[in-house]
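The values are calculated or read from the model by the stated rules, or taken from the named source; none is laboratory data. Please read all numbers here as calculations on a predicted model, not as lab measurements. With ideal geometry, Cβ positions are generated from the backbone for all residues, glycine too; neighbour counts draw on all protein chains shown. Surface areas here come from the heavy atoms of the whole protein model, side chains and all, with no ligands, DNA or RNA. Shrake-Rupley method; radii C 1.70, N 1.55, O 1.52, S 1.80 Å.
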Amino acid sequence: MTLTSFYKALLISSGLALAPNALADSFNIGELSENSYWHKLGHYLPASFGGVKSTIDSPSFFLSPAGKHDPKSELVATIDALYHKDPLIANDNRCQYPARYTWLEAQQGRNAKLNCPELNDWKTVLDPAGMTLVFPTAFMNNPSSMFGHTLLRVDAKDQTRHKELVAFAINFAAEPETDDNAALYAIKGLVGSYPGRFTVMPYYRKVREYNDIESRDIWEYKLKLSEQEVERVLLHLWEMQHAEFDYYFIDENCSYQLLSLIELAREELSLVADFPLHAIPSDTVETLANNDLLEEPSYREAFGTRLLYQSEAISPDLFDAAVAAKNGQYPDKDDYTDQERAAILEFAYEWLNFELYDLGLERDPTAKRLTELLYQRSRIKVDSPFGDVPVPEVSPEKGHASARFGLGFQSNKFSNDKVTLEWRAAYHDLLDSQAGFIPGAQISFLDTQLTIDEESNTRLDRFYFLDAMALAPSNKVFDSLAWNIRFGYDRQPTENKMAGRWFGQGGFGKAWGESDGLHLYSLLSASVSGGELTNYDAVAGAGIEMGILYQVSDNHRVGLQGQYLALIDSPADQHAQAKASWHWTLDRNVAVRAEASYQHWHAEEVSGKITGYFYY
């Protein structure tokens with residue numbers, strides 16, 4: 001047990017944590033305990049039924065036994081610990097809580113003097129001069145990563161673009177104690193079943209994980225922070241070494257906790273207050289931009305992005321030659337020009353390097369093949385025939401906001417006309433503007449529609465808890481699997497009304513074309529339904545789901561989507577539906593969508609709807 005741990009245990013067991021020593025009299029306890037910066041140091045937020053509550057869940061972080069709910073008692077215990085009459089105990093506590101001590105000294109008009117060898121060694125290794133927010137974009141093959149991710153890079157004093165990979169990164173992530181699959185990981189993450197922790201690691205490890213292994217593009221935003229402000233953030237990070245949080249994918253996630261850390265840079269910063277319900281990485285990046293904390297971003301394309309760009313630039317005959325070179329049959333200088341051979345070898349190298357990570361190839365023999373490709377290329381004294389990968393025109397924080405409200409009018413063939421009210425907590429669907437998002441990816445949480453008919457009857461027509469699709473197109477380089485999962489509540493037509501059902505549905509298949517052009521997909525699909533519609537029996541269905549999407553122009557996107565499911569052991573023989581949609585983006589966060597829909601269960605219904613959408 002360390003001296004700090006022993007002292008903390010002694011305070012708690014003796015009840016002295018609430019009794020200020022003589023030095024506490026020099027502090028205005030009441031005023032300081034209400035100070036916003038003290039609340040940021042303790043990660044205190046308003047509690048549901050009054051008062052405040054810290055988002056930190058590990059008791060060891062607090063000096064007072066009531067510290068999680070009582071900032072005042074935690075302040076008193078902190079002053080007792082940091083200004084203890086025994087200078088060794090006081091110094092040990094100051095080295096564990098340097099941000100608290102620095103702030104308290106500043107309140108007394110003094111500069112903090114820390115004698116902490118371990119802390120100093122840590123800062124010497126980091127050599128901090130600035131910070132960069134790093135945003136790896138969505139990973140389509142993992143539902144829990146389809147929002148993207150954020151982390152911080154600590155930029156050293158002598159750092160250049162070429163030295164960024166050897167810098168250190170600050171990451172906050174869920175740390176499962178069991179080996180859960182992707183679906184279970186996503187579900188448990190929604191309900192906060194995993195602990196979340198801050199870690200510091202070499203930046204190249206995260207680039208390898210996101211940029212190379214998962215093939216996610218990375219956006220890097222340098223933060224407008226002074227060295228003193230970076231120092232405040234790092235001192236608090238040191239305090240957080242053993243702090244644990246309940247990790248929630250929707251709100252208290254990586255982006256939310258990084259905002260709470262960046263807030264410590266300045267007294268006046270208030271960043272997490274913008275996210276009472278959910279914190280989507282792209283929205284949190286926008287919040288930093290709105291607070292004038294971001295420089296223009298740098299773009300680091302993924303292996304897969306670079307490979308796809310080169311595959312589209314290379315001619316078909318050179319493509320075939322690159323396939324051969326990848327397998328050890330190198331191009332002969334009598335058959336190709338130096339420029340063509342350079343293109344063949346470079347493309348073969350990129351492709352094999354991608355397969356090393358993507359397919360998990362055996363490292364040693366693959367490394368030998370890669371080295372030979374590099375050797376063959378080094379013998380050709382010409383510049384690279386490939387240009388730089390084009391930077392996307394719209395960076396992630398400039399896409400539409402994640403939450404959406406809709407007001408519309410719906411006309412039905414066999415029932416009354418209705419006014420529609422829609423709301424979606426997050427985040428993006430296939431018809432929304434694709435600018436700033438991964439084309440061909442959809443993930444919607446809590447997609448809800450209420451209708452009010454001509455007789456002022458209000459009812460719930462749709463509640464999709466989760467509606468996710470990943471439609472990465474297959475091509476001559478990538479053989480991608482398309483999939484979807486959807487579960488929630490909706491209404492389907494019977495002989496005399498629209499009856500409600502609870503359902504779950506999923507499918508696997510393929511997609512083709514260009515995800516930001518003409519895009520087609522086909523999925524084998526299965527579902528289970530229950531509720532009023534099925535007389536509260538479980539009814540299974542199986543069949544096919546298909547769609548065509550087309551980006552007409554920057555502001556106009558159209559789609560035709562449908563499905564046919566044969567119902568098993570049900571009075572109804574089929575569940576069929578089709579929808580034709582046109583989405584017109586008027587502004588970044590304003591759009592109009594027109595839809596014509598057909599539904600069939602026990603009976604048929606045809607409807608048309610026009611909706612104005614507002615993103616926020």
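What to note about this one:
- Of residues in the range 157-194 being modelled with pLDDT of 75 or more and in contact with a strand residue (DSSP E or B) (Cβ under 6 Å, 6 or more places away or on another chain), the one most open to solvent (accessible area, probe 1.4 Å): 157
- Failed criterion for residue 525 (all others in (1) hydroxyl-bearing (Ser, Thr, Tyr); (2) at pLDDT 95 or above; (3) not in a strand (DSSP E or B) hold): (3)
- Only one of the listed residues (545, 532) is open to solvent by less than 50 Å² (accessible area, probe 1.4 Å) and acidic (Asp, Glu). That residue is 545.
- Considered as a group, the residues in the range 195-253 that are closer than 20 Å to residue 289 by Cα and open to solvent by 60 Å² or more (accessible area, probe 1.4 Å) include one that is farthest from the chain's Cα centre (by Cα), and that residue is 227.
- Being in contact (Cβ under 8 Å) with a residue 24 or more places away in the chain, out of contact with any strand residue (DSSP E or B) (no Cβ under 9 Å at 6 or more places or on another chain), open to solvent by 70 Å² or more (accessible area, probe 1.4 Å) and under 22 Å from residue 216 (Cα atoms) is true of residue 358.
- Count of residues meeting criterion [open to solvent by 90 Å² or more (accessible area, probe 1.4 Å), free of Cβ contacts under 8 Å to residues at least 24 places away in the same chain and over 28 Å from the mean Cα position of the chain (by Cα)] in the range 571-590: 1
- Filtered residues of the range 75-132 (kept if β-branched (Val, Ile, Thr) and more than 30 Å from residue 294 (Cβ to Cβ)): 76, 78, 79, 89
- Selection count, the range 34-51, where residues are within 20 Å of residue 105 (Cα to Cα) and polar (S, T, N, Q): 2
- Residue in the range 500-518 that is open to solvent by less than 30 Å² (accessible area, probe 1.4 Å), of a type in the set (D, E, K, R) and part of a strand (DSSP E or B) present: yes
- Of residues in the range 309-338 being over 17 Å from residue 376 (Cβ atoms) and of a type in the set (Ser, Thr, Tyr), the one surrounded by the fewest Cβ atoms within 10 Å (Cβ to Cβ): 315
- Scan of the range 106-139 for residues that are without any contact (Cβ under 8 Å) to a residue 60 or more places away in the chain, of a type outside the set (A, V, I, L, M) and either closer than 20 Å to residue 225 by Cβ or part of a helix (DSSP H, G or I) (or both), ordered by number: 111, 117, 118, 120, 121, 124, 127
- Of all residues in the range 400-424, those satisfying the criterion of being within 18 Å of the chain's Cα centre (by Cα) and either surrounded by fewer than 18 Cβ atoms within 10 Å (Cβ to Cβ) or charged (D, E, K, R) (or both) are 401, 404, 424.
- Residue in the range 478-485 that is open to solvent by 20 Å² or more (accessible area, probe 1.4 Å) and assigned to a strand (DSSP E or B) present: yes
- Test for residue 468: is it part of a strand (DSSP E or B) and under 27 Å from residue 544 (Cβ atoms): yes
- Checking each residue in the range 370-416 for being of a type in the set (Lys, Arg) and farther than 28 Å from residue 296 by Cβ picks out 377, 379, 381, 413.
- Any chance residue 488 is on the phi > 0 side of the Ramachandran plot and of a type outside the set (Asp, Glu): yes
- Test for residue 55: is it in contact with a strand residue (DSSP E or B) (Cβ under 8 Å, 6 or more places away or on another chain), touching a residue at least 60 places away in the same chain (Cβ under 8 Å), at negative phi and not charged (D, E, K, R): yes
- Residue within the range 274-283 that is touching a residue at least 40 places away in the same chain (Cβ under 8 Å), of a type in the set (A, V, I, L, M, F, W, C) and crowded, with 22+ Cβ neighbours inside 10 Å present: yes
- Yes/no for residue 366 being open to solvent by 60 Å² or more (accessible area, probe 1.4 Å) and among the polar types (S, T, N, Q): no
- Of the residues making up the range 70-96, those that are within 28 Å of residue 45 (Cα to Cα) and either free of Cβ contacts under 8 Å to residues at least 24 places away in the same chain or of a type in the set (Phe, Trp, Tyr) (or both) are 70, 82, 83, 94.
- The residues on offer are 437, 445, and the sole one that is touching a residue at least 40 places away in the same chain (Cβ under 8 Å) and either touching a Gly at 6+ places or on another chain (Cβ under 8 Å) or over 21 Å from residue 592 (Cα atoms) (or both) is 437.
- Of the residues making up the range 339-355, just one is over 17 Å from residue 215 (Cβ atoms) and surrounded by fewer than 18 Cβ atoms within 10 Å (Cβ to Cβ), namely 339.
- All helices (runs of 4 or more DSSP H) inside the range 192-273 with 3 or more residues being more than 25 Å from residue 93 (Cβ to Cβ), touching a residue at least 24 places away in the same chain (Cβ under 8 Å) and in contact with a helix residue (DSSP H, G or I) (Cβ under 9 Å, 6 or more places away or on another chain): 203-207, 254-262
- Pairs where the first residue, in the range 387-398, is in contact (Cβ under 8 Å) with a residue 24 or more places away in the chain and the second is open to solvent by 20 Å² or more (accessible area, probe 1.4 Å) and assigned to a helix (DSSP H, G or I), C-beta under 7 Å, 6+ apart: 389/305; 389/306; 389/309; 397/286; 397/289
Residues checked against (1) within 32 Å of the chain's Cα centre (by Cα); (2) buried (at least 20 other Cβ atoms within 10 Å of the Cβ); (3) closer than 30 Å to residue 313 by Cβ:
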| residue | (1), (2), (3) |
| --- | --- |
| 457 | no, no, no |
| 470 | yes, yes, yes |
| 476 | yes, no, yes |
| 489 | yes, no, no |
| 494 | no, no, no |
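- Residue check for residue 72: open to solvent by 30 Å² or more (accessible area, probe 1.4 Å) and in a helix (DSSP H, G or I): yes
- Residues satisfying the stated conditions in the range 33-62, i.e. among the β-branched types (Val, Ile, Thr) and open to solvent by 10 Å² or more (accessible area, probe 1.4 Å): 52, 55
- Consider the range 287-304 and keep the residues that are modelled with pLDDT of 90 or more and part of a helix (DSSP H, G or I). The one that is nearest to residue 133 (Cα to Cα) is 288.
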